Amino acid sequence: MEERKNRMNKWVYQIENIGLSNEQCLLNETVFHNANGYIGVRSDFEEGYAKGYDTIRGSYINGFYDIAKMSQAEKLCGLAEEKQTMLNVADTQTIYLRIEGDTFSMFDGRVEQSSRSLDMQNGYTQRQAVWCSPKGHRVGITIRRMTSFLLLPLFTISYEVEALNFSGTLEFISVHNGDVKNYCNPNDPRVAGESFQHLRPISADRKEGVSYLVTETVTSGLTVCTAVKDVLDCKNGSGFQEQSEQNGHCITRKMRTDVAKGESVRLIKYTVFTDSLRYENCRQEAEKTMEKALSVSLEEWYRQQRQYLDGFWAQSALDIEGDDDLAVAVRYNLYQLLQSAGRDEHSNIAAKGLSGEGYEGHYFWDTEMYMQPFFTLTNPEISASLITYRYSILDAARENARIMGHRKGALYPWRTISGSECSGFFPAGSAQYHIDGDIAYAVVAYYLATGDLDLMAEKGAEIIFETARLWMDAGNFHRGKFHINDVTGPDEYTCLVNNNYYTNAGAQYNLHWAVRFYELLGEAGKLAPVAEKIGLRPEEIAEFRKAEEQMYLPYDPETGINPQDDSFLQKEVWDIKGTPADKFPLLLHYHPLCLYRYQVCKQADTVLAHFIYEDAQDLETIRKSFAYYENVTTHDSSLSTCIFSIVASKLGLKNKAYDYFGDSAKLDLFNLHHNTKDGIHTANMGGNYMAVVYGFGGLRLKESGICFAPVLPDKWKSYTFKISYRGSHIQVCVEKEKTVFTLEKGEPREITVFGTKYTLKDIIEIKR
């Protein structure tokens, strides 16, 4: 059956005639997954697929992990020899339906109609089908799934069956299986390459109709409890027969009932996930949480979900008029960011969110540079939680710095869950020191957007000071300039270089703000606790200032550009146009050393620096650099096109900005990189938001205030976004002839638009 997209409004992404190829099933597992920042469940068919089909059937808890050995062929000093991996904790989504003895399957009988949808206003996914069994019994099936934003451990399935042409017997078989493993693919470096049983059973029992499975990780010593309650709603009052059976670490419940023609029966399956990272006794917590889940109706949970999302969209919505498909794609991306973001000190945002096992659930620089900006501008409390997570692993970052040979400072791991470095390939992993500058940038951005000096005093400034110390130890003064050698920038096709422009610019910014926070906290009387805690001295601050002022930023007078690093322009240019299409991404088809010897970029590197640290160079240099790097960048990374879009907007290249933006917006919904089956590309989704707000909207956060330089793509009638700035909620509506700024809530704020300052008290209309 061929899948096609249905007409939809801006709140609902829907497909009709569900595709049944293995590729399409895997893609939809990701696209229609359910998550809430704490738990995530992939959207498999409850009944499973045809025999022989591959599946990534998974349920995940953010930050819950085990440790696995990571073999190094040569055991050199300091190389990571173990890694953390996010775990598939239990299968609670399996439900089989039997109709007069025939088992429902999308691959048997006859599917007369089918659809899948994600409702981003109500916060649930839905699968519908009209199915005719081999014996000729027709049923209408509606399956609705929700992960609650109000009760984070709660996942629900509503499974409703209507008898369309018969009266007879229905049987539901609900499975609660703790004997699960993670997905592996030894041929793809983006997912785990080994199959290993990370979980071992501790206990399995039933209490008051609730099944409980307690499972323990093999190495990390963490425990998880999953609890399941099945509630069968027989609307005709006929009642039902049931039996339960246990087989190892799996509990199955069978429920049989009669149904009359035209009547329906609904099974509600409640699942609760609790873990020992957050709860002292996860079994007890599961019981308490399940009791709370059952204390109100499922319809009440739906109502509260809608209420929560009404509040979220009221301060976060980004609307585009004139391109309906793109508007839905952008809204989808923002919703996925909400689903992915951790809300406590134990969790962050994984590269694939909670939608799949790509990159093993690790946290990267992606959070700070691509995803956190959305929350900083719309939901600063979530941004504060993300900073709190980085602060919670600051000691681990200090230890990592010592492992890497540094006498002082903190070096955040390239990929991690609980703080340890999980990158096995250090040239393109641990050598990416720019992650320190990235985290510092996010902390500063939060401060500029909120003015929250208290969080800086408690956590943020300590991060800034310790990362600044790392630069002083990693770099050195030479002939009047500060150099940082043997690092890798964002572009992973060029590794272990001297003076990567992006890294050095980030270090300069980091050092600048270490000095500023020292001053700001001192003026506010908040410096002493953190300074005393880490032994920060005025002499260090003076060294920070000197390194900032003397930071070496590569510049080539012949081309008028900022070279990516000291050696980049010495290399031969890779023939991108002459490379066969099936050889992309290059990292899967060419030896790393081959790539390192050419001018070829996986993603935006210096161009990213020109967006983030735009004040470091004049506009003409940025223009020439952009044009140069366009010709040598493959955009093999999903983090790339959105950045090129932003800088193109800055340079007035409106059409080019729009083209780059479109590629970014639709990446997952259209599977443009052919790996969405492993999980969504959360960083690209955040970058897509930035492409509108920072790109077309021209928004910048500076110490002098908030700035805008809005432009409207030719294909759009208008676009509207909302931000939170210093506690005030501001709406920006960009139309063809004018831009309207509206203060929706809070104190009047000074804004700068196209270089002119305005005081926003209620509404300001600026014509172009």
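The values are calculated or read from the model by the stated rules, or taken from the named source; none is laboratory data. As the structure is a prediction and not an experimental result, all values here were calculated from the model. Virtual Cβ from ideal backbone geometry, glycine too; neighbours counted across all protein chains shown.
Matching residues to (1) surrounded by 22 or more Cβ atoms within 10 Å (Cβ to Cβ); (2) of a type in the set (Lys, Arg):
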| residue | (1), (2) |
| --- | --- |
| Gly78 | no, no |
| Lys83 | yes, yes |
| Val89 | yes, no |
| Gln121 | no, no |
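In the set (1) crowded, with 20+ Cβ neighbours inside 10 Å; (2) more than 20 Å from Leu521 (Cα to Cα); (3) more than 24 Å from the chain's Cα centre (by Cα), Lys408 fails one condition alone, (1).
Contact map, segment 279-295: first residue modelled with pLDDT of 95 or more, second residue outside any helix (DSSP H, G or I) and among the polar types (S, T, N, Q), Cβ cut-off under 7 Å, separation 6 or more or different chains; pairs are Cys282/Thr223; Cys282/Thr274; Cys282/Ser276; Glu285/Thr274; Ala286/Thr274; Thr289/Thr274. Looking at segment 561-602, which of its residues are hydroxyl-bearing (Ser, Thr, Tyr), over 22 Å from Leu672 (Cα atoms) and part of a loop (DSSP other than H, G, I, E, B)? Correct list: Ser567 only. The set of residues in segment 521-531 that are more than 11 Å from Glu462 (Cα to Cα) and either touching a residue at least 24 places away in the same chain (Cβ under 8 Å) or in a helix (DSSP H, G or I) (or both) comprises Leu521, Gly522, Glu523, Ala524, Lys526, Ala528. Residues of segment 120-170 that are within 22 Å of Val231 (Cβ to Cβ), among the aromatic types (Phe, Trp, Tyr) and part of a loop (DSSP other than H, G, I, E, B): Phe149 alone. Residues in segment 492-513 that are without any contact (Cβ under 8 Å) to a residue 60 or more places away in the chain and farther than 22 Å from Ala604 by Cβ: Leu511, His512.
If the condition is being within 24 Å of Ala327 (Cβ to Cβ) and buried (at least 18 other Cβ atoms within 10 Å of the Cβ), then segment 102-119 contributes Arg116, Ser117, Leu118, Asp119. For Gly424, the conditions (1) modelled with pLDDT under 95; (2) within 30 Å of His729 (Cβ to Cβ) all hold with the exception of (2). Restricting segment 691-739 to residues that are polar (S, T, N, Q) and either at pLDDT below 95 or under 14 Å from Arg768 (Cβ atoms) (or both), the residue that is surrounded by the fewest Cβ atoms within 10 Å (Cβ to Cβ) is Ser718. Which one is farthest from Lys650 (Cα to Cα), of the residues in segment 716-741 that are in contact (Cβ under 8 Å) with a residue 60 or more places away in the chain, of a type in the set (D, E, K, R) and not in a strand (DSSP E or B)? Selected residue: Arg726. In segment 325-353, the qualifying residues are those that are among the acidic types (Asp, Glu) and more than 14 Å from Asn36 (Cα to Cα), and the one that is surrounded by the most Cβ atoms within 10 Å (Cβ to Cβ) is Glu345. Would you check which residues across segment 307-318 are surrounded by fewer than 21 Cβ atoms within 10 Å (Cβ to Cβ) and either more than 12 Å from Trp11 (Cα to Cα) or at pLDDT below 95 (or both) and list them? Within segment 307-318, Gln307, Tyr308, Gly311, Phe312, Ala314, Gln315, Ala317 qualify.
Looking only at segment 742-765, decide whether some residue is touching a residue at least 40 places away in the same chain (Cβ under 8 Å), touching a helix residue (DSSP H, G or I) at 6+ places or on another chain (Cβ under 9 Å) and at positive phi. No, segment 742-765 has no match at all. Evaluate segment 560-571: report whether one residue or more is within 30 Å of Glu703 (Cα to Cα), touching a Ser or Thr at 6+ places or on another chain (Cβ under 8 Å) and of a type in the set (D, E, K, R). Yes; the residues of segment 560-571 include at least one that is within 30 Å of Glu703 (Cα to Cα), touching a Ser or Thr at 6+ places or on another chain (Cβ under 8 Å) and of a type in the set (D, E, K, R).
Listed here are the residues, each with its yes/no results for (1) outside any helix (DSSP H, G or I); (2) under 29 Å from the mean Cα position of the chain (by Cα).
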{"site": "Ala604", "(1), (2)": "yes, yes"}
{"site": "Phe611", "(1), (2)": "no, yes"}
{"site": "Glu620", "(1), (2)": "no, no"}
{"site": "Phe626", "(1), (2)": "no, yes"}
{"site": "Tyr629", "(1), (2)": "no, yes"}
{"site": "His635", "(1), (2)": "yes, yes"}
{"site": "Leu639", "(1), (2)": "yes, yes"}
{"site": "Ser649", "(1), (2)": "no, yes"}
{"site": "Gly652", "(1), (2)": "yes, no"}
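When each of Arg266, Arg256, Arg306 is tested for being of a type outside the set (A, V, I, L, M, F, W, C) and farther than 28 Å from Arg206 by Cα, the lone residue that passes is Arg306.
When the helices (runs of 4 or more DSSP H) confined to segment 389-489 are screened for residues that are among the basic types (Lys, Arg), those reaching at least 1 such residues are found at 394-403, 461-474.
Taking every residue in segment 204-221 that is in contact (Cβ under 8 Å) with a residue 60 or more places away in the chain and under 20 Å from Leu232 (Cα atoms) and pairing it with any residue that is part of a strand (DSSP E or B) and small (Gly, Ala, Ser), at least 6 positions away or on another chain, the pairs with Cβ-Cβ distances below 8 Å are Val210/Ala227; Tyr212/Ser203; Tyr212/Ala204; Tyr212/Ala227. Among the strands (runs of 3 or more DSSP E) confined to segment 53-112, the ones with at least 1 residues that are touching a residue at least 60 places away in the same chain (Cβ under 8 Å) and more than 33 Å from the chain's Cα centre (by Cα) are located at 95-99.
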